[in-house]
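**Student:** Input: one structure, supplied below.
No value in this document is a laboratory result; all are computed from the given coordinates. Keep in mind that what you see is a predicted model, and the values were worked out from it rather than measured. Positions of Cβ are backbone-derived with ideal geometry, glycine not excepted, and every protein chain shown enters the neighbour counts.
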Amino acid sequence: MPSLRLSGRLGLYLALAWLLSLGTALAQIPDLGTGRVPSLAPLVKEVTPAVVNISVQGKVREDNPLYHDPLFREFFNVPKQLEKEINATGSGVIVDAQKGYVLTASHVVAQASLVQIKTKDGRKFAAKLLGRDAPTDVALLQIKDPIGLKAVKLGNSDALEVGDFVIAIGNPFGLGQTVTSGLVSALGRTGLVKQGYEDFIQTDAAINPGNSGGGLINLKGELIGINTAIISPAGGNVGIGFAVPINMAHKVMDQLIATGRVDRGRIGVALEDLEAPAAGHIEGARIKEVSPGSPAERAGLRRGDVILKANGLPIRSATQMRNLIGLTPVGQQVRIIVERDRAQEAVTVEVVPLTGQKSKPRGPS
């Protein structure tokens, strides 16, 4: 028993010595010649002027509960729906200072009739909605009379890796501009919405209501995502947040600038995820059906072909290929490399309009 007590005391002494040595090591972290320990403050100062708060006023129509009462409906002529004014807040990122372009989340401005933008230095600007795309949850605003603005540089979200450090900047709960940090937790997340084009970046950087439309920034100070959603049973941050990759948002933005809408097309294939053990591949998308008379059939694509690359990008899944086609403007071509009978073949397929697609008007100005 005495030996056990001695061992316990010895272990305690060793643990205390280790903690003291760790503290000494931490105290000796080099200050890189700045007089301070390493900090993200210079990066934050550089990028936060490009992140703005968005205030939205609008009107929505809701079902009138009295309309379902036959007595009220007959004798009081109650309307079927009631108009309700809304006020909402969110975040946005200036991506072109000269033209005043601001990227945000589509759901932030979904019911907007009046949009006001407030910069970090307290200035307020009126803005108009150039267009929004609900399937990707991306919208584009334009500040009227942009003066003295600062934009953030766009990064390459295709170069992200799980484990990369990121910071999220936005306006949570209307408190004002807030910065949080974390990691890229996962890439290519899908299944968050029933209908949409999904390729979300997952991060544990704190994202809360009001952060929507704000920026996800890498340690180079580049915008690599537009914050859009969280998973939370109670509505607050639990370390599972999502952002639209900037490469996807950029493609949407280009179409919104050109036409005020996103016209999606097709090539005429149905796809399925590739099962690696069965096909001998790690990544790819298998063609399970080719529509007769479609651009895919005319290009020579066949059922069973495995799509390995499209426009130079490795294809990981059927969802990724669907996103790529859906974000390619109608009339442009997609260069595809497929594997067939253990040989690779390159084909070029034109994207054509979806059957019955109607044009959508530009957003309100």
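**Student:** Kindly state, to the nearest 0.05, the FRET efficiency for Phe173 paired with Asp145, given R0 = 25 Å and r defined as their beta-carbon distance.
**Tutor:** Efficiency, rounded to the nearest 0.05: 0.25.
**Student:** Then there's this: Counting Lys +1, Arg +1, Asp -1, Glu -1, what net charge surrounds Pro146 among other residues with beta carbon under 11 Å of its beta carbon?
**Tutor:** +2
**Student:** Something else now. Label Thr348 and Ala186 with points 7 Å out from Cα along Cα→Cβ: what is the distance between them in nm?
**Tutor:** Between Thr348 and Ala186, the label points sit 3.9 nm apart.
**Student:** Once you list every other residue whose beta carbon is under 15 Å from the beta carbon of Ser317, what net charge do they have if Lys and Arg are +1 and Asp and Glu are -1?
**Tutor:** Once positives and negatives cancel, what remains is -1.
**Student:** Of the cross-linked pairs Lys124/Lys220; Lys59/Lys128; Lys118/Lys251; Lys124/Lys251; Lys45/Lys220; Lys99/Lys124, which ones have a Cα-Cα span greater than 23 Å in the structure shown?
**Tutor:** Exceeds cut-off: Lys124/Lys220; Lys118/Lys251; Lys124/Lys251.
**Student:** Right, next: Suppose R0 equals 41 Å; then what is the FRET efficiency for Ser291 and Lys59 from their Cβ-Cβ distance, rounded to the nearest 0.05?
**Tutor:** 0.45
**Student:** How far apart, in nanometres, would the label points at Asn87 and Glu272 be if each is projected 7 angstrom from Cα along the Cα-to-Cβ direction?
**Tutor:** 5.4
**Student:** A follow-up question, please. Based on the Cβ-Cβ distance from Val330 to Ala41, what FRET efficiency comes out when R0 is 35 Å, to the nearest 0.05?
**Tutor:** E between Val330 and Ala41, to the nearest 0.05, is 0.15.
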